[in-house]
């Protein structure tokens, strides 16, 4: 019977489920963004080594807290490993290309900010 069709489910059930709202930035990240100065940009990331190469536009030192921000990245990290030209260093200045130990995935082009205490 071509014309006999059972009524479908109620309209509320037929609608596609709305996607969950985007998570709001945590209070720590909002505070960090308010008190941060740009120090560089990520140029490369090595997932197995857990390290990223940065070209610096400002100074950075072991013990600093940095905020890595990008299209899909938004993390606070503490600088624990810092290398320049393959050697461990405690400080690096603007213009240096350094390797920074990171525990999270970062991407080329992500911006790095030093959180000012």
Inset, instruction - Determine, for 97, 80, the number of other Cβ atoms within 10 Å of each Cβ, and report the residues in order from fewest to most. - result: 80, 97
Inset, instruction - Classify the stretch 36-115 as rounded, prolate or oblate from the Cα gyration tensor: take a ≥ b ≥ c as the square roots of its eigenvalues, call it rounded if a/c is under 1.5, otherwise prolate when a/b beats b/c and oblate if not. - result: rounded
Legend entry - Relative contact order %, the stretch 64-117, counting alpha carbon pairs below 8 Å whose residues are six or more apart: 46 percent
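No value in this document is a laboratory result; all are computed from the given coordinates. Fair warning: this is a prediction, and the values are worked out from it, not measured in the lab. Positions of Cβ are generated from backbone atoms using ideal geometry, with glycine treated the same way; all protein chains shown enter the neighbour counts.
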